[in-house]
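Beneath this line is the structure, given in structure tokens, with notes to follow.
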Amino acid sequence: MSYEQSPLGLISECWRPRGPLARLPSWSIVRDVDALTLLAVIQDLTRDLTGASVRGVQPAGTHGLWIELSTPDGEESLLVSAGDEFPRLSRGAGRPARAATLSTLAQVARRVLPGASLQGVTHHGLDRVVTLEFAYPVPAREAGCLLIAELFGRHPNLILVDRMTRQILEAARHDPAANGRSIQPEQPYQAPPASARPDPRVLGTVEAISAVLAPHLAAGLGPGVALRQSLAGLTEVWAKEVVARTPAPGGSAELARALLDLIHEIEAGPWEPHLLLDSAGRPVAASPVRLRHVPAAQQQPYPSLGETLKRLASHLKHQQDVTRHQTMLRQLLRRLEVRLRSRRAKLAAESLEFGRADLSRRMGEILMAHQDAVPRGATEVTLPDYAAGPGATITIPLDPALSPAANAERFFKAARRGRRGTIRVEARLAETEAELGRVHAWAERVADASSLETLETIQKEIEAAHRLLAPQDRAMLAGRSAGGRPRSKRPPAVHPPAQKRAGRPGRTRETGLEPRRFVSSDGLPILVGRNTRGNDYLTQHLAKSQDLWLHVQGHSGSHVVVRVPNRSNGVPRRTLIQAAQLAAYYSQARDHGKVAVDYTLRKYVRKPRKAKPGLVTISQEKTIVVTPDKSLVQKLAAPADG
């Protein structure tokens, strides 16, 4: 696989069923509640829970309520959820985990629902709107509440309404509905607009439904399409089921009779709940009856409708967790890939630069062989290049302040550095290619993963690759669990370089980060690092790109920075010498007679990735030879440094 055809873009946004039931997720009770399945749920609630009294209310997530009920046959529970992922009505749901905070809806519901009894459950036509009516005992029987579940659209809602005044008490969501309705407390509740297509239950007879279907069939539409386009509450799956139950010749009257028989079967029961499976055996939908047009191998019977819906909701929640975890890992792997590609490009550029090592060596050798031909103070010289052929010449750039021999040594040094750099860069390039390969392999496995266990295994492998991960990557992984949810409320601390705190002037100096401060004879500030961490802080955080940076050559020592307030004037020669003397003094070469000190602009100083504090590489450097001078420490010390 080429790196330009990354598998990172192949990680699926979400799981989608395949095979005969590929379109069934639109019929899911969890994401888009089907009106006929909802009809069966409501019939179940009406039959067994009417008259039940409310014992207590618990929040179920941000947009749901779990209601504890008492019936003559024992304790019951009802979950009403308008969550984005799982809007549903569910009988017999387990008590949700104790919430750290109560939503406003839960607070109001706790105040007004306990003590009331469930008087009825109303299904508005075949729309996905359900009203639970609660009334208080005599003498306040007219008083009570309506809990209206609008289980449709991108953002379902749960609205608590006063039974007498029809004013909104509270809602799970206060955003205006798609049709512009106001969902604010103390405002009158407005029901969503009814469907423009007629409800087959309201039409009620074969003749009335047949009259609605006939024009669509006459226009050449297929039976399934005609059912969906002419009547409310019928999805593609239910339309196919009606067609499968319709006897020959399959005209409008036969379709109407089959539809009414199906609705009656759902309303009256007894039900035969089935969990519908895709070709891989994964749950994708639920049905209150056995479907004739779906293969038997893709229907799994359950003892009750509630158990069927609970199993479906559990599976689809698991799929949501898998999708959430996949998304998190995909984002992380994309970030790693971008970072590794950038590193590879930079290393390739460095490899090109280090490839000039042979040219630098040849220039040095030519200079040494023709020292007498180099004019003093020249900035470049053209000399014979016998290695390139008879009569060939080469133009060599020079430092006018250095002798021909010193210029030659400068080229020899660049050649040595280039050879060392080439070896290092080639190793880093090979390492980077291997790491990119690992990232792509992880991406392919994430795309193919179908379980949380597999994703957790991949995440642990990524976490073990310490060198690949930046602090923000580790924070992302540490803050996520198998379902892509936070593992803990407290994010891992990321410690920035220590800085001076107000009111504690000695704090930064005690940690060794604050540099020694001097002022040159020309009035320019000179900063000297105190230790490795102080060097790192000085170079990486205090120095600016146009400041002059110095360090003793070939020995450990302090980083030295000369502040350059005016870029055009540069650094005076006297200040350069004094800064170099301080660099030599604050180094392991302090006791040497003559010490070489490299200097360059700060913008040419680079810290390799994951290098130890104080370790840097430099380019475009020059060298000056000075004698360490202890007297400068007192002579140039800034007043505040001491």
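Figures for the structure shown
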read-out	value
Looking only at region 36-65, and only at residues there that are open to solvent by less than 10 Å² (accessible area, probe 1.4 Å) and among the small types (Gly, Ala, Ser), the one that is modelled with the lowest pLDDT	Ala40
Residue list for region 600-620, filter: crowded, with 22+ Cβ neighbours inside 10 Å and not in a loop (DSSP other than H, G, I, E, B)	Val605
Counted residues, region 418-443 - those being open to solvent by 70 Å² or more (accessible area, probe 1.4 Å), closer than 20 Å to Glu621 by Cα and in contact (Cβ under 8 Å) with a residue 60 or more places away in the chain	1
Residue within region 572-595 that is at positive phi, assigned to a loop (DSSP other than H, G, I, E, B) and not acidic (Asp, Glu) present	no
Ala401 vs. criteria at pLDDT 85 or above, more than 30 Å from Glu431 (Cα to Cα), surrounded by fewer than 15 Cβ atoms within 10 Å (Cβ to Cβ) and within 58 Å of the chain's Cα centre (by Cα)	yes
Residue match in region 26-34 (condition: at pLDDT 50 or above, of a type outside the set (Ser, Thr, Tyr) and outside any strand (DSSP E or B))	yes
Counted residues, region 235-248 - those being in contact with a Gly (Cβ under 9 Å, 6 or more places away or on another chain) and either of a type in the set (Asp, Glu) or touching a residue at least 40 places away in the same chain (Cβ under 8 Å) (or both)	3
Selection count where residues are closer than 27 Å to Pro247 by Cα and open to solvent by 60 Å² or more (accessible area, probe 1.4 Å), scope region 275-292	2
Residue within region 191-205 that is in a strand (DSSP E or B) and farther than 21 Å from Thr37 by Cα present	no
Residue selected from region 531-557 under the condition in contact with a Ser or Thr (Cβ under 7 Å, 6 or more places away or on another chain) and either surrounded by fewer than 24 Cβ atoms within 10 Å (Cβ to Cβ) or in contact (Cβ under 8 Å) with a residue 40 or more places away in the chain (or both), by the criterion nearest to Thr575 (Cα to Cα)	Trp549
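The values are calculated or read from the model by the stated rules, or taken from the named source; none is laboratory data. Since we're looking at a predicted model, the values are computed, not measured. Positions of Cβ are generated from backbone atoms using ideal geometry, with glycine treated the same way; all protein chains shown enter the neighbour counts. The accessibility values were calculated without ligands, DNA or RNA, using every heavy atom of the protein model including side chains. Shrake-Rupley method; radii C 1.70, N 1.55, O 1.52, S 1.80 Å.
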